[in-house]
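Take a look at the structure below.
Where a number appears in this text, it was derived from the coordinates with a stated rule and is not lab data. Predicted, not measured: the structure shown is a model, and the values here were computed from it. Cβ placement follows ideal geometry from the backbone for every residue including glycine, while neighbour counts extend to all protein chains displayed.
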Amino acid sequence: MTKVTELRVTRDKLRETKVVESDQKPLEDGQIRVAVDKMGLTANNVSYAVSGEAIGYWKYFPAEGEWGKVPGWAMGDVVESRSDAISEGERLYGFFPMASEVILEPGRTADDFFMDEAPHRAELPALYNQYRRTRGEPDFLLALENERCLLFPLFVTSFVLYDYLIDNDFFGAQQVIIGSVSSKTGFGLAHLLKNDPAVSQKVVGLTSSGNVGFVESLDCCDQIVTYGDEGEIEASLPSAWVDMSGDGPLTGKLHRLLGDNMVESCIVGATHWEAERKRDKDLPGAVPTFFFAPGHIAKRDAEWGAGEIWRRGSEAGAEIAKSVSDQITIEKISGAHEIASIWKQMLDNNVSPSRGIMISI
């Protein structure tokens, strides 16, 4: 019998990993078996793991006991089907675990997508339950599989943040400060703001000294500030803070620097996942809030029609991916133990933002 290989991590100690091999489970009526071909590994995967309990990312692909399966965006092939709607041989794009295969339960189905309707996923954000059926897609999109896994989900989030700021008239801000701007979601947002002629707000990117050259090569910021030099930020300007780092003390420092000029404080990611999460209470300025992208997507679905913001975000993501393709080198890493190693390097922030890591169990 064919073996299924999975990489699991301890949910509260993300560096602890184990490789699990088990026998394939037989399919039930309505299910499909998908061989996971390749997955993008980015700081986004780390954010999913860090917020796995709070938002429910561990629940998409449950594991026993203290263990979890880190999810991410990937391509897969249907290798067995007991579904009337989905055929063997179809290629899919969507949310998968770090595993050699996964069993899905297609429900609502259209020509270009289906929704997984497994009972344990019913109460989870629907965004991650949609799988794209790629067979009818245009050739240009089919040729961008790596970019789709590595960049598109992050750049769609960048677009959702960009739209959120515009939808709220930037909360009156005259500058947008982006934490961890070297992250893909960070520089995607910076790119959208900097290249929109209707946006007059100054774009300020915060990054480590080692990533300044990379950020400069992207030409997406009006000002680049390194950690420790936050005093260089113009504190007299009303500001929106969009934080990809999840660094509580950093957020506190900026609030105290800007005072009442901190008109929006939006926590998005967790690139500094081991930094102190807790922030001082009663900080001056806007109350820091966690930005939940599916919430804004649901708002736009109601206003624009289901899927429209995802379509616009995907188009924007494709354009950003095209513009930065020269700055990112795709690397392919295969094998569970090798993936465990690069996963730990990602946790240690030892993976340059110029590397595009594609993994395959």
(request) Considering only the stretch 15-71, state which residues are of a type in the set (D, E), part of a strand (DSSP E or B) and in contact (Cβ under 8 Å) with a residue 40 or more places away in the chain. (result) D37
(message) Cβ contacts < 8 Å: first residue free of Cβ contacts under 8 Å to residues at least 12 places away in the same chain, restricted to the stretch 209-221; second residue buried (at least 20 other Cβ atoms within 10 Å of the Cβ) and outside any loop (DSSP other than H, G, I, E, B), any location; separation 6+ or different chain. Result?
(response) E216/I224
(request) Please enumerate the residues belonging to the stretch 72-100 that are touching a Gly at 6+ places or on another chain (Cβ under 9 Å) and over 28 Å from P138 (Cβ atoms). (result) R82, P97, M98
(message) Just to be sure I understand the filter: pairs with C-beta atoms under 6 Å, separated by 6 or more residues or on different chains, first member in the stretch 311-333 and within 20 Å of V215 (Cβ to Cβ) and in contact (Cβ under 8 Å) with a residue 12 or more places away in the chain, second member in a helix (DSSP H, G or I) and of a type in the set (V, I, T). Which pairs pass?
(response) G317/V156
(message) Looking at L218, L193 in this structure, which one is out of contact with any strand residue (DSSP E or B) (no Cβ under 7 Å at 6 or more places or on another chain) and of a type in the set (A, V, I, L, M)?
(response) L218
(request) Filter the stretch 49-102 for residues that are among the small types (G, A, S) and closer than 18 Å to M346 by Cβ and give the result. (result) A49, S51, G52, G68, G72, A74, A99
(request) Sort out for me the helices (runs of 4 or more DSSP H) sitting completely within the stretch 132-195 that have 2 or more residues that are over 21 Å from the mean Cα position of the chain (by Cα) and closer than 30 Å to G89 by Cβ. (result) 139-142
(request) Return the only residue of G172, G210, G205 being crowded, with 24+ Cβ neighbours inside 10 Å and of a type in the set (G, A, S). (result) G205
